[in-house]
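The values are calculated or read from the model by the stated rules, or taken from the named source; none is laboratory data. Treat the numbers as computed from the prediction; the structure is a model and nothing was measured. A quick note on method: Cβ atoms are made from the backbone with ideal geometry, for glycine too, and the neighbour counts reach across all protein chains shown. We work out accessible area using only protein heavy atoms, side chains counted, and drop any ligands, DNA or RNA first. Shrake-Rupley method; radii C 1.70, N 1.55, O 1.52, S 1.80 Å.
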Amino acid sequence: MIAAAPGAAIPVGRRVRVQVPATSANLGPGFDTLGLALNVHDELEVEATAGTAVRVEVEGVGAGEVPADETNLVARSLLHVLESVGVQAPGLVLRARNSIPHGRGMGSSGAAIVSGVLAAQGLLEGLVELSDADVLRLATELEGHPDNVAPAIFGGLTIAWVDETGPRHKQLAVHRGVSLLVAVPEATMSTKLARSLQPEAVPHADAVFNLSRSALLVAALTQSPELLLDATEDRLHQTYRASAMPETSALVGALRAAGHAAVVSGAGPSVLVLAGDPAARLEAAAIVESRDEPWRALLLAVDIRGGTVEAIPPQAAA
């Protein structure tokens with residue numbers, strides 16, 4: 001990533017539009033490594049204005065709840081990028097239309113971060129060119145790990161890892177026979193709390209178990225959906241977190257007992273079902289809807305585009 005030329009400034013009136021998908025991380029055994037983009041999106045429009053004030057307007061999820069100034073996560077992410085490349089932040093108006101549930105394990109914080117980074121990329125056009133690798137690195141700096149931000153940026157199924165050069169990813173196409181269901185509860189779950197329940201070390205046998213299932217899961221999602229139930233077994237994180245979300249654990253157990261590849265979505269408490277065909281997905285949805293606890297069954301698809309950013313032409317800015 002190259003710093004901007006001295007004195008470079010974002011023109012007042014420049015506007016960009018961003019769309020970023022929800023994500024589901026881990027997918028069972030692929031803890032902090034595998035992620036999947038979902039076709040639920042947050043949308044954002046950003047305008048550079050005179051002065052230095054930052055104003056955030058939110059419609060949909062989070063309206064009246066998330067900060068409306070520079071402390072908003074989207075705004076913080078955008079400002080972080082501008083500072084990183086040495087460009088003075090202009091005044092900013094951010095208009096967000098959110099559909100991704102907050103605190104449900106569907107990557108809302110990752111989507112917010114990616115929205116801010118992509119908005120900065122658009123605003124910096126002609127001043128600093130941010131590559132895909134730059135976007136992933138900046139988003140990972142803010143999120144702490146790349147498993148949610150990688151699919152939000154690139155779409156599809158992603159394998160994410162970090163080496164001496166920084167975060168990296170591999171994007172894969174999901175087999176067309178795979179159908180998705182996300183069961184969303186009314187309750188929320190703190191990612192920080194979920195991570196605090198993880199032990200510092202796990203038994204060697206459990207580590208080997210998850211290595212085999214993670215490798216199998218990549219094959220199941222890309223080539224052999226009939227293997228999804230076996231491929232989504234996990235011994236590294238879901239059992240340890242079960243006490244913090246007993247209803248989620250019970251639903252995962254009920255779905256798996258009926259033959260459905262159900263896992264905790266991200267840090268939870270939502271449940272992701274990777275169905276081998278549409279009929280199996282409907283059967284899983286019926287199980288979700290039969291529970292005593294209130295769950296929302298979302299029949300979703302894999303988002304293959306990932307995050308997008310486009311300039312809004314001046315004539316369309318009225």
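Data table
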| read-out | value |
| --- | --- |
| Global form of the stretch 165-298, assessed from the alpha-carbon gyration tensor, a/c cut-off 1.5 | oblate |
| Sequence ranges 295-301, 167-173, ranked by mean other-Cβ count within 10 angstrom, highest first | 295-301, 167-173 |
| Whole-percent carbon and sulfur share, accessible surface of the stretch 140-252, 1.4 Å | 54 |
| Solvent-accessible area of residue 2 with every protein chain in place, 1.4 Å probe, in Å² to the nearest 10 | 130 |
| Degrees, to the nearest 10: 246-257 long Cα axis against longest axis of the chain | 60 |
| Computed over the stretch 96-215, Kirkwood Rh from alpha-carbon pairs, angstrom | 16.7 |
| Charge dipole magnitude, Cβ of K and R +1, D and E -1 - the chain, Cα centre, debye nearest 20 | 160 |
| Over the chain, equivalent-ellipsoid semi-axes from the Cα gyration tensor in Å | 36, 20, 17 |
| Residue range of the chain that is longest and free of GluC sites (Glu not before Pro) which are both DSSP loop and sparsely packed (at most 15 other C-beta within 10 Å) | 201-318 |
| Cα-centred dipole magnitude for the stretch 120-269, charges only on beta-carbon of K, R (+1) and D, E (-1), debye, nearest 20 | 400 |
| Accessible surface, 1.4 Å probe, highest first, among residues 140, 165 | 165, 140 |
| Extension gain from residue 83 to residue 125, taking 0.36 nm per residue of separation minus the Cα-Cα distance | 13.6 nm |
| Rh by Kirkwood over Cα pairs, then Stokes-Einstein D for the stretch 250-295 at 1.306 mPa s and 10 °C, µm²/s | 150 |
| Nearest-20 debye value, the stretch 1-109 charge dipole, Cβ charges on Lys, Arg, Asp, Glu | 180 |
